[in-house]
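Written out below as structure tokens is the structure these notes cover.
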Amino acid sequence: MVITSIRVIVGIIGSAVCVLLYAVPALTFKRVIKEASVGEFSCLPYILALFSALTWGWYGFPVVSNGWENLSLFGTCAIGVLFEFSFIIIYIWYAPREKKKFVVLTVSLILAILCMIVSFSIFTFHTHHMRKLFVGSIGIITSMSMYSAPLVAVKQVMKTKSVEFMPFYLSLFSLLTSFMWTLYGVLGRDPYLTAPNSVGCFTGILQLVVYCIYSRCKEPPKALNDIEQVIINLDVATSRREDTNGCSLNSKA
């Protein structure tokens, strides 16, 4: 009884932190709306997050879970679906045609897969245990994909030497969310929640470490061509300075 009460409290705290995690990208999309361009930002993490929220929302629904034992999970995922759909719609609106086509096709694919998951879990399996086994196993795969998505941002940060593409609060709330849901899964003896969120803790720590290393770089990231242009300009300026100094010495002589 005590463990159940603690689990409920952890679930509430985890839900609150998770909602904050879902809301953090609003800062990024505020910038997208202001600039009317998606720039170098990728929509893939938001698509994977949508798929994960849909899958785990179905896992927490009473058809799969035993009653409302995972009410906190279901409620959090429902809010997450609203956030992710909103972000994806904004991305599609401001993305160029090629990116727009890719996002629409990818979202259509994950919705089709979700329909198949729902159909199989309802009509093929007839006990909560088997449904949790089926949906939970798929949930682990989707969560692994979602938690591996930030590694793209980590690669971008290491390449550009700038943390612009990996906001600090997004990494922080990702770690906190993973930790809370890992604890929630441990208290409920639910391996389907514990396993993927344990991986999320690792990727969250990795993001924060990379952020701490590269946050000292104050200059905004530049494209390779821009860097080359700066070097060329410096060489020209240096040559002109040397020519000027040479002329001055000759005139003095």
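Name all residues of the range 148-171 having a backbone nitrogen under 20 Å from the label point set 7 Å from the Cα of ALA26 along its Cα→Cβ direction, giving them as ranges. Only 166-171 pass the distance filter.
From the Kirkwood radius over Cα pairs of the range 1-217, Stokes-Einstein at 25 °C and 0.890 mPa s returns a whole-number translational diffusion coefficient of 137 µm²/s. Computed over the range 51-119, the convex hull of the alpha-carbon atoms projects to a mean area of 4.5 nm². With every protein chain in place and a 1.4 angstrom probe, the accessible-area ranking of LYS132, LYS155, largest first, reads LYS155, LYS132.
Pairwise Cα distances in the range 1-103 exceed 19 Å for 50 percent of all pairs.
Which whole-number value in Å² is the accessible area per residue of the range 25-128, probe 1.4 Å? Could you put the intermediate results ahead of the total?
Working: 5660 Å² over 104 residues.
Ligands and nucleic acids excluded, the figure is 54 Å² per residue.
Shape class for the range 150-204: prolate, because the ratio a/c of the largest to smallest gyration tensor axis (alpha-carbon atoms, square roots of eigenvalues) is 1.5 or more and a/b beats b/c. Per-residue Karplus couplings for the range 14-21, computed as 6.51 cos²θ - 1.76 cosθ + 1.60 with θ equal to phi - 60°, are listed in order as x, 5, 4, 5, 5, 4, 4, 4 Hz, Gly and Pro entered as x.
Per-atom-type breakdown for the range 35-153 gives carbon and sulfur 74% of the accessible area (1.4 Å probe, protein chains only).
Here the Karplus relation 6.51 cos²θ - 1.76 cosθ + 1.60, evaluated at θ = phi - 60°, turns the backbone of the range 138-144 into coupling constants of 5, x, 4, 5, 5, 5, 4 Hz, with x for every Gly and Pro. With R₀ set to 51 Å, the beta-carbon distance separating ILE205 from PHE123 gives a calculated FRET efficiency near 0.80. When every alpha-carbon pair in the range 85-210 is counted, what percent end up more than 21 Å apart? Tail of P(r) above 21 Å: 56 percent of Cα pairs.
Which entries in the list LYS101/LYS132; LYS101/LYS161; LYS132/LYS155; LYS99/LYS155; LYS100/LYS132; LYS99/LYS132 go over 28 Å, if you measure between the two C-alpha atoms of each? Please report the intermediate quantities before stating the final value.
Numbers: LYS101/LYS132 34 Å; LYS101/LYS161 30 Å; LYS132/LYS155 35 Å; LYS99/LYS155 20 Å; LYS100/LYS132 35 Å; LYS99/LYS132 35 Å.
Result: LYS101/LYS132; LYS101/LYS161; LYS132/LYS155; LYS100/LYS132; LYS99/LYS132 exceed 28 Å.
Taking all protein chains as shown and a probe of 1.4 angstrom, SER72 keeps an accessible surface of around 30 Å².
The values are calculated or read from the model by the stated rules, or taken from the named source; none is laboratory data. Because the structure is a prediction, the values reported are computed rather than measured. Neighbour counts are summed over all protein chains in view; Cβ atoms, including those assigned to glycine, are modelled from backbone coordinates with ideal geometry. Side chains are part of the model used for accessible areas, which takes the heavy atoms of the whole protein and leaves out ligands, DNA and RNA. Shrake-Rupley method; radii C 1.70, N 1.55, O 1.52, S 1.80 Å.
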